[in-house]
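Q: First, the structure itself, so that you have it in front of you.
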Amino acid sequence: MNTLIAVIVIFGLLVFIHEWGHLVFAKRAGILCREFAIGFGPKIFSFKRNETVYTIRLLPLGGFVRMAGEDPEMVQIKPGYEIGLLFNDAGKVSRMIINNKSKHQNIKIIQVEKIDLEHDLFVKGYVDDQEELVRYEIDDEAEYVYDELATQIAPYNRQFGSKTVGQRALAIFAGPLMNFVLAVVVLMAYGMIAGMPTDEPVVGDVTDDGVAIEAGLESGDRIISIDGEQVDSWLEMTSIIQSHPSETLDFEVERDGEQFDVAMTTQERMGPEEEEQGVIGVTAPMEKSVSGAIMFGFTQTYEYTVLIIEALGMLITGQFSLDHLAGPVGIYNYTGEVAAMGILVLFQWAAILSVNLGIINLLPLPALDGGRLIFIGLEAIRGKPIDPQKEGIVHFVGFALLMLLMLVVTWNDINKFFL
């Protein structure tokens, strides 16, 4: 249950902040955002505020912001249709009733001859079997009602395609950008709560299973030298210890202004490159400060970014196989392990996942934000947009391939953790 709650909270936050970035910058550009959704599939909860319907959907596998103009309108009003009109106080059409007109009162029925819902915003047709055409102006925030569901019209100046290349690129890039911002904020919070490691050769804490506790070292002890070699930083100290696995070293220690010597035989552990390293069972000293926490948030986010990009490079060059990728099942399992280590470790894990989501979405692959940015970039170079139908096909094929990759990775996760 703890794992499930952790996964829901972390993934919900990552998806929410990503889509919120798209939403905010799209609205700032004047784009009509019809829906802000967390998850896919059937709606389980929704409400409308300021033109946008906010929904939570059944399958928690992502989210989306549906911007006007990205998809064809679901209802098209063609010449010959009979629709009902409602008017606002300014005399403009505020609602167009497409069907079930008998359920609405005080509407004017018009047989449509011509209608423009994008540019000039008018409807022209015949009313009450009159032979003379009548023309009505349509309000730019008017709605059409189909099957009792009201949908706001999208004049061209409110559509995604009407905005400048820069505005559209920023609306797309804002999603991944907010994931990096979230990682910085989470790591800042971690730094404020847990503190940041310093580069002083001082014992921060002593582990229960190390040789340091057996030798009597305590938190706050300063290491002056090792085997007669003076150390001035935590990095120097750990470098010497790691390079002498299973060897006895003489430590000169200072505590409360007094110095004493102690000998310890280092323990062995495997390093990140499968090499043996020496350890004595101490952790780095930590400090708490606002400025340090801010710096920690930015520097750690940068380091996570570099590590993930390097791992992707190794995957592309074949140094990693697909077996090293983790899908939803693998991430769920790892999140459970991290949650068992405590809330602070979970903070770091959430930051890593947020950076990972930002980077993955920026990859120049169809259906991802990076792929959409590529098409916007090509438009800027060519001076005209790519054919929307061709772009749609590319994104559809890309999405299908991504889903196939997701299935393969999920199957690998199931084999790895459960079979």
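Q: Can you compute the FRET efficiency between E200 and T410 using 1/(1 + (r/R0)^6), with r the Cβ-Cβ distance and R0 = 56 Å? Round to the nearest 0.05.
A: 0.80
Q: Same structure again: Summarise the accessible area of the chain (1.4 Å probe, protein heavy atoms) by the percent that is carbon and sulfur.
A: 58
Q: Pull up the cross-link candidates among the aspartates and glutamates for K103, meaning alpha carbon to alpha carbon under 19 Å and not fewer than 8 places away within one chain.
A: Qualifying aspartates and glutamates at Cα under 19 Å: E82, D128, E143, D147, E148.
Q: Of the cross-linked pairs K48/K288; K48/K108; K114/K390; K43/K384, which ones have a Cα-Cα span greater than 31 Å in the structure shown?
A: K48/K288; K43/K384
Q: How much mean residue ellipticity at 222 nm does the chain get from its helices, if each DSSP H run of length 4 or more adds -39500 (n - 2.57) and you divide by all residues, to the nearest 500 deg cm²/dmol?
A: -14000 deg cm²/dmol, from helical runs alone.
Q: Give the calculated FRET efficiency between D261 and S239 to the nearest 0.05, with a Förster radius of 30 Å applied to their Cβ-Cβ distance.
A: After rounding to 0.05, the efficiency reads 0.90.
Q: Any chance you could look up the accessible area of M196 with a 1.4 Å probe, heavy atoms only, rounded to 10 Å²?
A: Solvent-accessible area, nearest 10 Å²: 10 Å².
Q: Would you mind counting up the charge near N361? Only other residues with Cβ under 13 Å from its Cβ, with Lys and Arg at +1 and Asp and Glu at -1.
A: Neighbour charge sum, excluding N361 itself: -1.
Q: Through the Karplus equation 6.51 cos²θ - 1.76 cosθ + 1.60, θ set to phi - 60°, convert the phi angles of segment 26-37 into ³J(HN,Hα) values in whole Hz; use x for Gly and Pro.
A: Working through the residues one at a time gives 5, 5, 5, 7, x, 7, 6, 9, 6, 8, 10, 10 Hz.
Q: Cα extents of the chain along the three principal axes, largest first, in whole Å?
A: 108, 46, 43
Q: Spelling out what I want: for every residue of segment 46-52, take phi, set θ = phi - 60°, compute 6.51 cos²θ - 1.76 cosθ + 1.60 (Karplus), and round to whole Hz; glycine and proline get x.
A: Result, rounded to whole Hz: 7, 8, 10, 8, 6, 6, 10.
Q: Can you list residues from other chains, or at least 5 along the same chain, whose modelled amide H is less than 5 Å from the amide H of G69?
A: So G69 has HN proximity to F160.
Q: Using alpha-carbon pairs under 8 Å, 6+ residues apart, how would you state the relative contact order of the chain in percent?
A: Relative contact order for the chain comes out at 14 percent.
Q: Continuing with the same structure: Starting from the amide H of E143, placed 1.01 Å from N in the peptide plane, find each other amide H under 5 Å away whose residue is 5 or more places distant or on another chain.
A: Residues meeting the criterion, in which the H sits 1.01 Å from N, are R95, M96, I153.
Q: I've got another one for you. State in Å² the accessible area per residue of segment 220-359; use a 1.4 Å probe, count heavy atoms of protein chains only, and round to the nearest integer.
A: Here the residues of segment 220-359 average 57 Å² of exposed surface.
Q: Under unit Cβ charges (Lys, Arg +1; Asp, Glu -1), what dipole magnitude, rounded to 20 debye, does segment 134-256 have relative to its Cα centre?
A: Value, rounded to 20: 1280 debye.
Q: Along segment 16-21, what does the Karplus equation 6.51 cos²θ - 1.76 cosθ + 1.60 (θ = phi - 60°) give for ³J(HN,Hα), rounded to whole Hz, x for Gly and Pro?
A: Each residue's phi maps through the Karplus curve to give 4, 5, 5, 5, 4, x Hz.
Q: Could you work out how much longer the chain between S219 and E131 gets when fully extended? Use 0.36 nm per residue separation minus the Cα distance between them, nm to one decimal.
A: Result: 22.2 nm gained on full extension.
Q: So for F298, F160, F40, F251, what's the accessible-area order with a 1.4 Å probe, most first?
A: Most to least solvent-accessible, the answer reads F298, F40, F160, F251.
Q: Right, here's the next one. Placing +1 at every Lys and Arg Cβ and -1 at every Asp and Glu Cβ, with all other atoms neutral, what dipole size does segment 1-93 have around its Cα centre, in debye to the nearest 20?
A: Magnitude of the dipole: close to 160 debye.
Q: Which FRET efficiency, nearest 0.05, do T283 and N2 yield, Cβ-Cβ r, R0 22 Å?
A: The pair T283/N2 has a calculated efficiency of 0.30.
Q: How far apart, in nm, are two points set 7 Å out from the Cα along the Cα-to-Cβ line at S94 and at V165?
A: The two pseudo-label positions are separated by 4.2 nm.
Q: Using +1 at the Cβ of each Lys and Arg and -1 at the Cβ of each Asp and Glu in the chain, identify which of S233, G336, I98 lies farthest towards the dipole's positive end.
A: I98
Q: Length gain on complete extension for the stretch E113 to E82, per 0.36 nm per residue less the alpha carbon to alpha carbon distance?
A: That pair, E113 and E82, stretches by 10.2 nm at full extension.
Q: Amide H of G63: which non-local residues (sequence gap of 5 or more, or other chain) have their own amide H closer than 5 Å, using H built in the peptide plane?
A: Those qualifying (amide H under 5 Å, at least 5 residues apart or on another chain) are G39.
Q: How large is the accessible surface of Y304 in square angstrom, using a 1.4 angstrom probe and rounding to the nearest 10?
A: 30
Q: Let me know the charge dipole size of the chain about its Cα centre in debye, to the nearest 20, where only the beta-carbon of Lys, Arg (+1) and Asp, Glu (-1) is charged.
A: 3180
The values are calculated or read from the model by the stated rules, or taken from the named source; none is laboratory data. Just so it is clear, the structure is predicted and the values come from calculations on it, not from any experiment. A quick note on method: Cβ atoms are made from the backbone with ideal geometry, for glycine too, and the neighbour counts reach across all protein chains shown. Side chains are part of the model used for accessible areas, which takes the heavy atoms of the whole protein and leaves out ligands, DNA and RNA. Shrake-Rupley method; radii C 1.70, N 1.55, O 1.52, S 1.80 Å.
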